[in-house]
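Notes to accompany the following structure.
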């Protein structure tokens, strides 16, 4: 993410939210505990991004 160029912080946060949602969607499809833990962490991060942007 640091190698890309963003106009402002909001664009970076939107990108983070997009990546976290995609990761949560993928990891939630797997039954392994570490995948479920990752999905939960990504959902929380995406929610934090949403709160920041509100």
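The values are calculated or read from the model by the stated rules, or taken from the named source; none is laboratory data. As the structure is a computational prediction, the values presented were derived from the model and not from experiment. Reconstructed Cβ throughout: ideal geometry from the backbone, glycine too, with neighbour counts over all protein chains shown.
Which of the residues belonging to segment 5-33 are under 12 Å from the mean Cα position of the chain (by Cα) and touching a residue at least 40 places away in the same chain (Cβ under 8 Å)?
13
Within segment 1-43, how many residues turn out to be at pLDDT 95 or above, exposed (fewer than 12 other Cβ atoms within 10 Å of the Cβ) and part of a helix (DSSP H, G or I)?
Residues meeting the conditions: 3.
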